[in-house]
Amino acid sequence: MKIICVAGARPNFMKIAPLMAAFKARPPIEPFLVHTGQHYDEKMSDLFFRQLGIPTPDVNLGVGSGSHAVQTAQVMTLFEPVVLEHKPAAVLVVGDVNSTIACGLVAVKLGVKLIHVEAGLRSFDKAMPEEINRLLTDAISDMLFCTEHSGVENLEHEGVPKEKIFLVGNVMIDTLLANRDKAEKSPILDDLKLKSGSYGVLTLHRPSNVDDPVALGRLLDAIEVVQKDIPIIFPIHPRTRKNLSQSALGKRLDSMTNLRLIDPAGYLDFLKLTANACVVLTDSGGIQEETTILKVPCLTMRESTERPITAELGSNRVVGTDPQAIIAAWRDIQSGKMRPPQIPPMWDGKAAQRIAEILAEKLA
Ligand code: UD1
């Protein structure tokens with residue numbers, strides 16, 4: 001029962017890692033790993049494979065960067081012959097990146113069953129490329145695995161038959177829990193001369209936040225204030241670095257002496273950094289989930305979240321992009337105004353095992 005598992009971009013790697021391990025341990029499932037090459041830098045890709053013990057991909061399509069159309073088309077063109085050659089029982093895609101929809105489309109058009117892990121999440125903001133990828137992938141999937149109840153409700157509302165939907169928990173959290181002890185040994189706090197609980201972490205890479213200098217400048221207005229209170233560590237995404245270097249904003253960062261830019265961090269260093277931070281400011285999806293498990297206050301600088309459970313139960317607050325709102329939320333954290341966070345149901349480190357059991361039974 002060969003299942004082609006697809007990973008393309010950084011947030012896919014922590015999702016595919018526990019699935020590969022669970023599939024290998026669950027005959028007759030035979031996992032076959034395809035890396036599309038959407039992310040290719042050592043620090044955006046290979047480092048994650050090594051740290052998370054992900055097997056070397058059976059195939060790397062090596063597509064690299066490009067416009068949405070070019071990248072998606074390249075993945076499709078190169079993935080089709082792989083599916084034709086290996087005749088899998090199913091193709092499994094994770095998350096919401098361009099590689100997800102591209103490989104999904106190839107699979108269904110060849111009549112191969114499509115499995116989507118992390119299905120049903122909706123920001124209801126179609127200006128986000130990820131929202132389009134999520135909607136389209138779910139519309140063509142045969143088996144849809146959800147991380148939280150909102151995912152199930154969204155899919156049912158869109159008319160997906162109940163028997164295709166499975167609430168199984170969160171594979172990204174499987175990886176976090178499996179690597180927590182290892183991450184504690186990371187020397188990153190010593191290297192950066194940081195004390196646990198005394199600094200913040202910042203990540204920014206959403207096109208809506210970083211491609212427009214005005215939008216990015218507004219976020220920096222807020223960061224400028226927060227970094228006067230605590231050091232802020234900013235592992236910077238290549239997209240954001242490129243945009244900063246091409247605008248006058250790069251110079252503005254130089255005047256923020258407590259904002260410390262570092263290269264994209266590996267998984268273990270980043271986990272250690274977030275686990276010990278007093279606040280995380282982000283526009284990422286996955287980091288909202290990771291801070292929820294870690295019970296670290298997270299300020300999500302976006303107008304919406306596709307992961308509402310992190311704000312309903314967890315330590316996440318969706319603050320938007322208005323500088324005054326971000327600063328006010330930071331003041332609340334400083335003064336200890338937070339309700340005690342809770343862990344969402346089934347975020348227990350066993351999601352990949354549940355998926356493997358269901359697939360072994362249903363695909364047989
Ligand atoms: C992609 C995903 C996004 C995810 C993010 C995580 C889509 C539509 N977007 O966005 O959902 O949250 O990954 O990082 O799939 N680059 C490098 N080295 C790399 C990869 C990219 O320098 O290894 C640079 C290139 O200049 C590239 C740019 O980053 O043009 C953007 O990369 P791309 O894969 O298009 O999108 P991301 O912004 O990374």
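Values quoted throughout were computed directly from the atomic coordinates according to the rules given, and no laboratory measurement underlies them. Every value quoted in this text rests on a predicted model; they were computed, and no experiment measured them. Every residue, glycine among them, receives a Cβ derived from its backbone with ideal geometry; neighbour counts consider all protein chains shown.
Some observations on this one:
- When each of the peptides 89-98, 345-354 is scored by the mean number of other C-beta atoms lying within 10 Å of its residues, the order from highest to lowest reads 89-98, 345-354.
- Per-residue extension of 0.36 nm, minus the Cα-Cα distance of residue 196 and residue 337, leaves a gain of 48.8 nm for this segment.
- Local net charge near residue 174, Cβ-Cβ under 15 Å (Lys/Arg +1, Asp/Glu -1): 0
- Compared with the alpha-carbon gap, the fully stretched path from residue 153 to residue 139 is longer by 3.6 nm at 0.36 nm per residue.
- Unsatisfied cross-links (Cα-Cα over 21 Å) in the set 43/185; 87/113; 113/350; 113/164; 24/113: 113/350
- Environment charge at residue 2 (Cβ cut-off 12 Å; Lys +1, Arg +1, Asp -1, Glu -1): -1
- Using C-alpha pairs under 8 Å with a sequence gap of at least 6, the mean separation divided by the residue count of the stretch 23-72 gives a relative contact order of 40 percent.
- Mean residue ellipticity at 222 nm, helices only, the chain: -14000 deg cm²/dmol; runs of at least 4 DSSP H residues each add -39,500 (n - 2.57), and the sum is divided by the number of residues.
- Extension gain, residue 258 to residue 212: 0.36 nm times the residue separation minus the Cα-Cα distance gives 14.2 nm.
- The protection proxy used here, the mean number of other Cβ atoms lying within 10 Å of each residue, ranks peptides 1-10, 321-330, 156-165 as follows, highest first: 1-10, 321-330, 156-165.
- For the stretch 127-187 and the stretch 78-123, distance of Cα centres in Å: 15
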